[in-house]
Each structure stands twice: as C-alpha cells, then as structure tokens.
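Colleague: Pasting a structure here, questions to come.
The values are calculated or read from the model by the stated rules, or taken from the named source; none is laboratory data. Quick caveat, the model's predicted, so the values are computed rather than measured. Cβ sites come from the backbone with ideal geometry, for glycine too, and all protein chains shown count toward neighbours.
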Amino acid sequence: FTQGLGAGTMNVAVMVLIARAYDEAQRARLMMWFSACWMIPAFVGPPLAGWIVQISSWHFVFWAVLPFMAVGGVLVLRPLRHIELTPEEPHELKKRLMLLAAAVAAGLALIQWAGQELDVWSALWAAVGLAAVVFGLPPLLPKTIDWTGRGISGVVGARLFSAGAFFGAQSFLPLMLTESRELAAVMTGVTLTIGSVGWMAGALLQSQSWLSWRRDQMIIVGVAAIALGIAVLAVAAYFPQSWLGLVMIAWIIAGFGMGLQNPSTSLAVMQLSDDAELGRNTSSLQVGESLGSSLFTGLAGAWFAHFHLTAGLPFTFGGLMVMMVLVGLLAVGLAYRIGPVVDRSDDDED
C-alpha cells in the first residue's frame, strides 16, 4: 500500500511537472530518458535477483533496493529547487474521490484474490470486487470523457488494455519458462531482460524528430506490437520444445510496443488536456494502467488456477497468452478511436 501510494503520487506529479516546465519539443526526449531509467534496472535487476535467490533468500532482493531509493531521492532534490513554476489555484481535496479511489483499489484486490482459487466464495469476492470497480471508477475518469472512445477516452482505454495485456503476460512468463522449459531462475531473468531492449528502442523511436507519425498513430503501432508479441508468445507456449529465441523475439516485440505507446499516451494526454484538467487526466491515465494491470493479471491468475491442475502446461500457458492477445486487440480498437493527435516533438524549441 505504501509503495503504491508513493508511486502513484510521484508518477502523476512528474507528468504534470514535465507538461508545465518543458515545451512540447522537449517532452518526447524526456520520456525517452525515463524509459532509459527503466531499461538499466531491467537489464541488471532480473539476473541479479535470480542470482541472489539462488545463493541466499528472496528476502534480500527487496532489501537490496532500499539504498538505491535513498540515492535517487537525494539526486532529485537539487534540480527541483531550480524549477520555477507559476503557482496554481489551490484544489479542494474531495474526500468522496479519495473514498472512491480506495473502493476501486479494494475491488481490484478482491478480484486478484478471487483468482487464486475457483469456488463459490471466490465467485462472490470477484462479484463484490467488480461491483466496487464499476461504482467507483467513473468519477475518477476525465470530466470530458467520451464513451465512444474519442480523444482522451481512447488514450486512457488504450493504455488500460495494453497494460493489462502486457503485464498479464509478463506475470506468468517466468513461470512458463521455469515449468514448461525448465529454465533456471537466472536464465529466466535474462530472457525477461531482453524485452527491455525493445522497450528502449520504442521509446527512442517516438522521440525522433524525423518520424512523421502522429501521436495517435504511434499509439496504434505500439499497442498492435504488444498484441503481436504476445501472440508469438502464445505460439511458443503451445510448443514448449520450440526455439527459446522465439520467446525472446516475442518479448522484444511486446517491449517495443510498450516503449512506443507508454510515452505516446502520456504525451497525447498532455496535448489534449487544458492546464486546469492536466493533473486529473494524467491521474486517470495512471488509474487506467493500474486497473488494467490488476484486473487482467487477476483474470490470468484465475485461468491458471483452474487449468494448471486439470490440463497440460501447453494449453494452460498457451490459452493464457491467447487471452492476453484478445485484451491487446481491444487496445488496438480503442487506439483507432482516438483521432488525430499531432506530434509536436519535431517543432523548433525556440
């Protein structure tokens, strides 16, 4: 809870800071550097975590992160002191919205918990969780939301379903590699790390001034790449004796899609939002991503809990990946509904 509270607050604050302190030509490059900050830990983290688990205990994986958090906090203090922004009008903290956000979080937790086992009680908890999400979510979305999927609504929807597909597949990819292919923990971490190469490539591409695509087109290509990568994973899951490189290629493609759509959805929200609504709309984007990740990871968990003991591993993992492909295709459909969003990252900074 504490980690999620800090991450959610920081992510929204950082996006609003970028939108207010930097012009449109600089934002794409900043988003690319944020992806680089994700890539380096992604290269080092999984293999290192696997090595730590093999030689000691998984508990030390979490303790090892704390010194890096402290260093990051110190490094960010000085730059923030030198950024001058025009003060905003104070916003009233509405208790009702806080309670609704808590209800959505609790509902997602119940859905994930229900996915661990399939029985009458699980169905009850899932129904209660779904009701909490349906009741609490609409007020947390942008005020100008268009339920036909145009504009910001399509951006949030594309982010929600693409994150659900990607992280739903990612959650069970290590288990697929260890159970179906009997890979060691270190090799599993290396395979996951490969995806960060694609992620960085996508983030780098979206920041290039020579790229003539609009932002909505980048989002379409990004979410389509996610669906394609997971589809290749499904093939590898159904044929566990196939070449391991197929899994790596699939995860590079999916990572490329995330690297392309993640910055592009954030930048699209910045361009489509008024200053007064930027914070709320950025928060809605983060809520959508968290909702998609939790909801579809829970759905994948329910599939795994049911079929892991009653069906073979190829069907269990292959079917799970196919389900995530369908989720990714929903993201593609919503991305097409966004409409033109001009990319201004190639504008002159002066």
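Yes/no per residue for (1) aromatic (Phe, Trp, Tyr); (2) out of contact with any strand residue (DSSP E or B) (no Cβ under 9 Å at 6 or more places or on another chain); (3) over 29 Å from Val61 (Cα atoms); (4) in a loop (DSSP other than H, G, I, E, B):
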| position | (1), (2), (3), (4) |
| --- | --- |
| Arg159 | no, yes, yes, no |
| Thr191 | no, yes, no, no |
| Leu205 | no, yes, yes, no |
| Gln208 | no, yes, yes, yes |
| Leu211 | no, yes, yes, yes |
| Ile220 | no, yes, yes, no |
| Ala225 | no, yes, yes, no |
| Met248 | no, yes, no, no |
| Gln261 | no, yes, yes, no |
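Colleague: So if I check each of Gly189, Gly136, which one is at pLDDT 80 or above and buried (at least 18 other Cβ atoms within 10 Å of the Cβ)?
Modeller: Going through Gly189, Gly136 in turn, just one is at pLDDT 80 or above and buried (at least 18 other Cβ atoms within 10 Å of the Cβ): Gly136.
Colleague: Then there is this: Quick check on Val332: is it of a type in the set (Val, Ile, Thr) and over 17 Å from Ala165 (Cα atoms)?
Modeller: No, not satisfied.
Colleague: May I ask you to say which residue of Gly195, Gly259, Gly255 is surrounded by 21 or more Cβ atoms within 10 Å (Cβ to Cβ), more than 22 Å from Ala300 (Cα to Cα) and touching a residue at least 60 places away in the same chain (Cβ under 8 Å)?
Modeller: Result of the check over Gly195, Gly259, Gly255: Gly259.
Colleague: Looking at Leu192, Leu228, Leu183, can you tell me which residue is more than 19 Å from the chain's Cα centre (by Cα) and in the same structural domain as Val269 (by TED's automatic domain parsing)?
Modeller: Every option except Leu183 fails the conditions.
Colleague: List the number of the failed condition for Ser242; all other conditions in (1) of a type in the set (S, T, N, Q); (2) more than 30 Å from Gln112 (Cβ to Cβ); (3) in contact (Cβ under 8 Å) with a residue 60 or more places away in the chain hold.
Modeller: Answer for Ser242: the failing condition is (3).
Colleague: Do we find a residue being modelled with pLDDT under 80 and either part of a helix (DSSP H, G or I) or assigned by TED's automatic domain parsing to the domain that holds Gly301 (or both) anywhere in segment 80-88?
Modeller: yes
Colleague: Is it the case, given these coordinates, that Ser284 is among the polar types (S, T, N, Q) and over 18 Å from Arg20 (Cβ atoms)?
Modeller: The answer is no for Ser284.
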